[in-house]
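Reading through the structure tokens given below for one structure.
No value in this document is a laboratory result; all are computed from the given coordinates. A quick note: this is a predicted structure, and the numbers were derived from the prediction, not measured. Every residue, glycine as well, gets a Cβ built from its backbone with ideal geometry; the counts of neighbours run over all protein chains shown.
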């Protein structure tokens, strides 16, 4: 068995090992409930897709559990449901995820099934056809939702040719051309043990976890050439430069959607934590600054918030509002004033502490179940932050000062924003004029 290292984090001990084939294994013993949750992260997602194959990661996730070289979709479902377990796949911008949850006694059996699904998916053509049609229906449905339209056109304007500019679902054109062969090619490229992080949490000892994963995946070898290990393809990503502009879609809706977007720092940047705190302050919940000022006090908003996605590469910081069409111009001005205020006015000690309490409280509540714990530690390892980031994050949030938050705002919001607007002609004219 490969050596296991231990790292104590507050009230948890994380055991980390690397198998001979390069797979990273994290294990946390938690005897509180007779449940074992596993998360297998593959370094592949929509951010790795070629533009003409946008949506391939999402389509792969929908078909991944629908058959292997040995088992049909029905047989997989019966094995999982017979023991009350859950087995699934999902994709994000920076990773692909396989998830498993079961009682401790069935973990070994379910892990073997998961191993078969991960290593030898068959992507049955009939299942690919079905999920492709369902995905296209979802794409068409989103084109009728004002928020989704505004978000999509803003994302495309900001990230341009970068994969982050693409919808995770893809487009009707790209999805309609995806085939079983495309899924198999991406699987063969990225699903290899040295590109995987496994995190297992529950009523099971770390040595047992490593032993079972070794039995299931230990003989899986990365692809080799005569010269040595075949390298993973490099992500050739275009440079993102700020070219703020206005993007508009006319849509006869009951409310207008206004979004202001700024290119923002990746999760590796020193300003990431202060920006997370500002995002919480501005747009998180009924006590957030945007909600209180623009909805409660001024009555401008049906909905109002902010978001700042966690990204390996450059991210975006977005504030948005859904408002009555006749209020579009004043609502846009209100959003801009709140963003400008972050650059000009220091947060009070009370405002800063309230945002910290909210962010850290929600973070703690997001680590209650075995699945949530496996998700957090596995994600940090996969994104290169290390499992120590769990403690570092909380420490760094506590150390943010009002001056640090203002400096991050000035760095992020120094350019004019991108503007995305969806609404009826009257609302568009108000902004244009």
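What is the Å³ per residue value for the convex hull set by the Cα atoms of the chain?
About 157 Å³ per residue, rounded to a whole number.
Pop the C-beta distance of residue 172 and residue 239 into the FRET formula with R0 = 22 Å and round what comes out to the nearest 0.05. It would help to have the intermediate numbers written out before the result.
Numbers: r = 29 Å, r/R0 = 1.30.
Efficiency, from the Cβ-Cβ distance: 0.15.
Calculate, in nm to one decimal, what residue 298 and residue 372 gain on full extension: separation in residues at 0.36 nm each, minus their alpha carbon distance.
Values: separation 74, 0.36 × 74 = 26.64 nm, distance 3.80 nm.
Separation in residues times 0.36 nm, less the Cα-Cα distance, equals 22.8 nm.
Taking the chain as the reference, fit the longest principal axis to its C-alpha atoms, fit the long axis of helix 402-412 to the helix C-alpha atoms, and give the angle between the two in degrees, 0 to 90, nearest 10.
Helix 402-412 sits roughly 90 degrees off the main axis of the chain.
In percent, what relative contact order does the chain have, based on Cα pairs under 8 Å that are 6 or more apart in sequence?
Worked out over the chain, it gives 21 percent.
Quick one: what Rg and Dmax do you get for segment 5-225 from the alpha carbons, in Å?
Reported Rg and Dmax, both Å: 18.6, 51.
If each DSSP helix of 4+ residues adds -39,500 (n - 2.57) and the sum is divided by the residues in the chain, what number results at 222 nm, nearest 500 deg cm²/dmol? Spell out each step's value before the answer.
Values: 15 runs with 180 residues, N = 433.
When only DSSP H runs of four or more count, the value is -13000 deg cm²/dmol.
Contour minus end-to-end for residue 51 and residue 140, with contour as 0.36 nm per residue of separation and end-to-end as the Cα-Cα distance?
Contour length minus Cα-Cα distance gives 30.1 nm.
Using the eigenvalues of the Cα gyration tensor, what equivalent ellipsoid semi-axes result for segment 167-278 when each is taken as the square root of five times the eigenvalue, whole Å, largest first?
So the equivalent ellipsoid measures 39, 24, 19 Å along its semi-axes.
Just grab the label-to-label distance for residue 86 and residue 395, each label 7 Å out from Cα along the Cβ direction, in nm (one decimal).
Output for this residue pair reads 3.4 nm.
Go through 346-358, 160-172 and give me the packing order, highest mean Cβ count within 10 Å leading.
On the way: 346-358: 15.2, 160-172: 19.1.
Top to bottom by mean Cβ count within 10 Å: 160-172, 346-358.
In which sequence would 49, 411 go, from the one with the fewest C-beta neighbours within 10 Å to the one with the most?
Ascending Cβ contact count within 10 Å gives the list 411, 49.
How far apart, in nanometres, would the label points at residue 112 and residue 415 be if each is projected 7 angstrom from Cα along the Cα-to-Cβ direction?
So the label points at residue 112 and residue 415 sit 5.5 nm apart.
Once you keep just the Cα pairs under 8 angstrom separated by 6 or more residues, what percentage relative contact order results for segment 110-258?
On the way: 86 pairs, mean separation 53.0, N = 149.
Averaging sequence separation for qualifying contacts and normalising by length gives 36 percent for segment 110-258.
In whole angstrom, how far apart do the alpha carbon centroids of segment 142-162 and segment 245-267 sit?
Taking the Cα centre of segment 245-267 as reference, the centre of segment 142-162 is 8 Å away.
May I ask for the equivalent-ellipsoid semi-axes of segment 246-432, computed as the square root of five times each C-alpha gyration tensor eigenvalue and listed largest first in whole Å?
Output for segment 246-432: semi-axes of 31, 18, 16 Å.
Just grab the label-to-label distance for residue 9 and residue 351, each label 7 Å out from Cα along the Cβ direction, in nm (one decimal).
Output for this residue pair reads 3.2 nm.
Shape verdict for segment 1-122, please, from the Cα gyration tensor: rounded (a/c under 1.5), prolate (a/b greater than b/c) or oblate.
Here segment 1-122 falls in the oblate category.
Any chance you could give the angle, 0 to 90 degrees and rounded to 10, that helix 206-217 forms with the longest Cα principal axis of the chain?
80 degrees
Suppose R0 equals 30 Å. What FRET efficiency, 1/(1 + (r/R0)^6) with r the Cβ-Cβ distance, do residue 252 and residue 133 give to the nearest 0.05?
Details: r = 28 Å, r/R0 = 0.93.
Rounded to the nearest 0.05, the efficiency is 0.60.
So how do 297, 184 line up by other beta-carbon neighbours within 10 Å, fewest first?
Least to most surrounded, the residues fall as 297, 184.
Assuming R0 = 25 Å, can you tell me the calculated FRET efficiency for the pair residue 77 and residue 180, based on Cβ-Cβ distance, to the nearest 0.05? Could the numbers behind the result be given before it?
Numbers: r = 20 Å, r/R0 = 0.81.
With a Förster radius of 25 Å, E is 0.80.
Once each part is reduced to its C-alpha centroid, what is the distance from segment 77-102 to segment 6-69 in angstrom?
One Cα centre to the other: 10 Å.
Normalising by the residue count of segment 251-406, find the relative contact order in percent from Cα pairs under 8 Å and 6+ residues apart.
Once divided by the residue count of segment 251-406, the mean separation gives 27 percent.
Provide the gained length on full extension for the span residue 230 to residue 365, in nm with one decimal, where the gain is 0.36 nm per separating residue minus the Cα-Cα distance.
Extra length from residue 230 to residue 365 when fully extended: 44.5 nm.
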